[in-house]
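Reviewing the structure listed below.
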Amino acid sequence: SKSKGNVLDPIDLIDGIGIDDLVAKRTQGLMNPKQAAGIEKRTRREFPEGIAAYGTDALRFTFASLATHGRDIKFDLQRAEGYRNFCNKLWNATRFALMNLEGHDCGQDASQPMDFSDADKWIVSRLQQAISEVHEAFAAYRFDQAARAVYEFVWDEYCDWYLELAKVQLNHGIHALQGTPEQQRATRRTLATVLDPFITEELWQKVAPLAGVGGDSIMLAPYPLADAAQRHPDSVARIQLLKELVNACRTLRGEMSLSPAQRVPLVIEGDAAVVGALAPYIAALGRLSEVSAVATLADADAPVALVGDMRLMLVVEIDKDAERARLAKEIARIQGEIKKAEGKLANPSFVDRAPATVVQQEQARLADFAAMLQKLESQHARLS
């Protein structure tokens with residue numbers, strides 16, 4: 001109630017407001033003027049710096065994300081801050097796309113051939129899935145789920161992965177694919193068409209022509225519809241493998257405390273054709289000097305990561321004493337976790353009273369710890 005001094009004006013969330021102006025606004029026109037001092041004290045405690053400017057898009061997205069069924073909305077400024085970061089991410093992604101699209105052939109002319117990569121087909125497939133999820137959420141009036149589907153697609157898939165893969169396909173650096181004009185045309189086409197449905201008016205006006213989309217405004221444009229013909233399960237599976245290999249490589253770098261600037265070779269025991277096709281992406285995203293396939297990994301002191309039937313190892317000299325000490329510390333920690341989990345599962349009170357799902361989770365944790373311990377002990381024994 002504005003007359004009780006507990007209101008947040010949406011305009012203040014959009015444009016921002018200083019603490020003194022916020023206090024003045026909240027203490028005007030009160031039902032009980034004697035409450036002004038208390039309201040000022042509470043306001044200065046809750047908003048010591050006033051309210052930051054979050055922008056219209058961030059506020060709209062925040063309200064959509066909070067629109068769940070069956071509970072009161074508890075507005076949280078941290079959510080608005082998170083979605084302001086999301087909007088900034090989207091603007092930065094669009095800025096990158098425009099740098100690579102404007103002044104280039106983006107495939108608007110359908111008569112020009114295009115050769116789409118697995119990465120292009122994967123992100124287009126994920127777009128179809130996201131569109132379907134949003135339509136299902138709209139049909140159920142679950143705007144929170146629609147917002148989550150858009151957020152996860154844009155942030156996790158398009159920005160965090162596809163833009164990095166597109167850089168490999170468009171650039172001519174050490175790890176670039178040196179793609180043909182048909183391949184680069186396809187990448188630019190994908191950059192534009194996948195970005196198009198999810199952006200605000202100002203960005204849409206810049207990207208839509210590059211994506212071959214006509215119209216006066218995004219508000220009058222037809223909403224995207226999923227196209228089953230644009231789903232490519234084989235490409236999705238190959239990019240999933242790529243993501244697992246890159247994540248495994250990053251884990252190895254972390255285990256060996258390598259700085260991001262330190263580029264080292266990676267060898268992979270596995271199918272040479274598969275490794276060769278993915279090598280430029282792995283090298284670029286894993287910050288590696290090179291990626292090569294071998295029939296069998298040579299015995300070495302370095303840690304090894306497993307991805308399916310593939311084994312990965314960074315080729316780098318290590319301090320054996322320091323690595324043994326690190327492994328011993330990690331082994332002791334895992335042994336402690338195993339002891340705690342075994343203690344829980346040996347306690348009849350826990351097993352009988354805890355929900356079955358909780359007991360199963362604890363059993364799964366124990367199995368994971370046991371597998372991890374075996375791996376660590378093997379590495380420690382090899383170093384010893």
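Hey, could you check the stretch 88-104 for residues that are surrounded by 19 or more Cβ atoms within 10 Å (Cβ to Cβ) and within 21 Å of the chain's Cα centre (by Cα) and say which is nearest to residue 155 (Cα to Cα)?
So in the stretch 88-104, the residues surrounded by 19 or more Cβ atoms within 10 Å (Cβ to Cβ) come out as 90, 93-94, 97, 100-101.
In the following step, the residues that additionally are within 21 Å of the chain's Cα centre (by Cα) were identified as 90, 93-94, 97.
Details: 90: 8, 93: 10, 94: 12, 97: 15 Å.
Top of the filtered list is 90.
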Conditions (1) of a type in the set (Lys, Arg); (2) surrounded by fewer than 18 Cβ atoms within 10 Å (Cβ to Cβ); (3) assigned to a helix (DSSP H, G or I) -> residue 71 fails only (3)
Out of (1) within 14 Å of residue 194 (Cα to Cα); (2) buried (at least 21 other Cβ atoms within 10 Å of the Cβ), the one residue 129 does not meet is (2)
Here the residues within the stretch 74-87 that are open to solvent by less than 70 Å² (accessible area, probe 1.4 Å) and acidic (Asp, Glu) are 76
Scanning the stretch 52-68 for residues that are among the β-branched types (Val, Ile, Thr), open to solvent by less than 50 Å² (accessible area, probe 1.4 Å) and over 21 Å from the mean Cα position of the chain (by Cα) gives 68
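Over 30 Å from residue 139 (Cβ atoms) and touching a residue at least 24 places away in the same chain (Cβ under 8 Å) - does that describe any residue in the stretch 57-76?
Taking the stretch 57-76 and keeping what is over 30 Å from residue 139 (Cβ atoms), we get none.
Scanning the stretch 57-76 turns up no residue that is over 30 Å from residue 139 (Cβ atoms) and touching a residue at least 24 places away in the same chain (Cβ under 8 Å).
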The residue that is farthest from residue 296 (Cα to Cα), considering only those in the stretch 252-269 that are open to solvent by 30 Å² or more (accessible area, probe 1.4 Å) and touching a strand residue (DSSP E or B) at 6+ places or on another chain (Cβ under 6 Å), is 263
When every residue in the stretch 69-87 that is modelled with pLDDT of 90 or more and among the small types (Gly, Ala, Ser) is compared, the one farthest from the chain's Cα centre (by Cα) is 80
Among helices (runs of 4 or more DSSP H) entirely within the stretch 285-384, at least 2 residues that are open to solvent by 80 Å² or more (accessible area, probe 1.4 Å) and either touching a Leu at 6+ places or on another chain (Cβ under 8 Å) or within 22 Å of residue 256 (Cα to Cα) (or both) occur in 320-346, 356-383
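May I ask you to list the residues in the stretch 9-51 that are among the hydrophobic types (A, V, I, L, M, F, W, C), loosely packed, with under 15 Cβ neighbours inside 10 Å and part of a loop (DSSP other than H, G, I, E, B)? Before the answer, list the steps.
Quick first cut of the stretch 9-51, residues among the hydrophobic types (A, V, I, L, M, F, W, C) only: 11, 13-14, 17, 19, 22-24, 30-31, 36-37, 39, 47, 51.
Retained after the next criterion (residues that are loosely packed, with under 15 Cβ neighbours inside 10 Å): 11, 24, 31, 37.
Once the filter is applied, which keeps residues that are among the hydrophobic types (A, V, I, L, M, F, W, C), loosely packed, with under 15 Cβ neighbours inside 10 Å and part of a loop (DSSP other than H, G, I, E, B), the stretch 9-51 yields only 31.
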Cβ pairs under 6 Å, 6+ apart or interchain, first in the stretch 99-112 and under 13 Å from residue 209 (Cβ atoms), second open to solvent by 90 Å² or more (accessible area, probe 1.4 Å) and assigned to a loop (DSSP other than H, G, I, E, B), ordered by first then second residue, are none
If you go through 149, 119, 139, the only one that is of a type in the set (Gly, Ala, Ser), crowded, with 18+ Cβ neighbours inside 10 Å and free of Cβ contacts under 8 Å to residues at least 24 places away in the same chain is 149
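The values are calculated or read from the model by the stated rules, or taken from the named source; none is laboratory data. What you are looking at is a predicted structure, and each value in this text was computed from that prediction instead of being measured. Note that each Cβ is placed from the backbone with ideal geometry, even for glycine, and that neighbours are counted across all protein chains shown. For accessibility, only protein heavy atoms count, side chains too; no ligands or nucleic acids. Shrake-Rupley method; radii C 1.70, N 1.55, O 1.52, S 1.80 Å.
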